[in-house]
Structure formats: C-alpha cells, structure tokens
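Below is one structure, written out as structure tokens; comments come after it.
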Amino acid sequence: MPYLGLEQTPAPPETGAYIHGMVMEGASFDAAAGYMAESHPGELFAPMNVVWLNPGELGPAEPGYVCPFYKTNLRAGTLSTTGHSTNHVCNFTLPSVEEPSHWIRRGAALISQTND
C-alpha cells in the first residue's frame, strides 16, 4: 500500500484495480511503517491508503488482522439469501504488529462511506 492517495498513483495497474476513499474506524494505517496503528486522539475516521486489488491464486493466509470492510459505518444490514450482511463487502488482511484480538476489541474496520 505505497500510495497515500489516488493523486500519487503513477498510472493504472497492469492487472487489477486501485480503490481509494476508504477510511478506518477504530484504528489508522501508518503508511511509513506499513502496518496498522492506533487512531490519533479525537480522530473517528482515519483515511486509508490506496489499495491495489490484484486477482490471483489463493495461497496460505498471511499474518495480520483480518479487517472487515463495510459499505457504511453503521455496520448493520439485512441478511441476504446467502446468509451474509448486505452491508459487509469483504475482508482485507492488514499487516499489524499487534495481535488480531487488539483490533477486534477496538472494533477496527474499513468503511466505504460514513453516515455523517
């Protein structure tokens, strides 16, 4: 996740797509260190770096926090016919020096759109 914002991306990737505009609730992402960090005091939503979605083979799970990604910060949705919430989009495994339980207790999640 080397790009802080879409304006820093040099060009579209050869494969996959960049997504931007996400925010983190309950944590932040330290771009210089390359892993999750505590939120700054008084900061409810921290901007997230540009994320490169690159299709490929599924391999062994990488270490880190499996961070849920929601459409809205309400985190509520109705159950679809598949049994999943309509508000939950997917999960991202984010690098962290803390144990996953640390971020679970803080309710850390990626959000696409705030309800402010």
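The values are calculated or read from the model by the stated rules, or taken from the named source; none is laboratory data. Since we're looking at a predicted model, the values are computed, not measured. Ideal geometry is used to build each Cβ from the backbone, glycine not excepted, and the neighbour counts take in all protein chains shown. SASA here: full protein model, heavy atoms, side chains in, ligands and nucleic acids out. Shrake-Rupley method; radii C 1.70, N 1.55, O 1.52, S 1.80 Å.
Beta carbons closer than 6 Å, at least 6 apart along the sequence or on distinct chains, pair a first residue in the range 81-94 that is at pLDDT below 85 and assigned to a loop (DSSP other than H, G, I, E, B) with a second that is open to solvent by 60 Å² or more (accessible area, probe 1.4 Å) and hydroxyl-bearing (Ser, Thr, Tyr) for Thr86/Thr78.
Residues in the range 40-55 that are open to solvent by less than 40 Å² (accessible area, probe 1.4 Å) and not in a strand (DSSP E or B): Met48, Asn49, Val50.
Of the residues making up the range 10-36, those that are surrounded by 15 or more Cβ atoms within 10 Å (Cβ to Cβ), touching a residue at least 60 places away in the same chain (Cβ under 8 Å) and either in contact with a His (Cβ under 8 Å, 6 or more places away or on another chain) or not in a strand (DSSP E or B) (or both) number 3.
Taking (1) without any contact (Cβ under 8 Å) to a residue 60 or more places away in the chain; (2) under 23 Å from Gly5 (Cβ atoms); (3) surrounded by fewer than 16 Cβ atoms within 10 Å (Cβ to Cβ) in turn, Phe69 satisfies each apart from (3). Contact annotation: residue pairs with Cβ atoms under 9 Å, 6 or more positions apart or on different chains, pairing a residue in the range 42-53 that is under 14 Å from Gly107 (Cβ atoms) with a partner that is of a type in the set (Asp, Glu), are Leu44/Glu25; Leu44/Asp116; Phe45/Glu25; Phe45/Asp116; Ala46/Glu25. Would you be able to say whether some residue in the range 99-108 is open to solvent by 30 Å² or more (accessible area, probe 1.4 Å), touching a strand residue (DSSP E or B) at 6+ places or on another chain (Cβ under 7 Å) and within 21 Å of Gly5 (Cβ to Cβ)? Within the range 99-108, not a single residue is open to solvent by 30 Å² or more (accessible area, probe 1.4 Å), touching a strand residue (DSSP E or B) at 6+ places or on another chain (Cβ under 7 Å) and within 21 Å of Gly5 (Cβ to Cβ).
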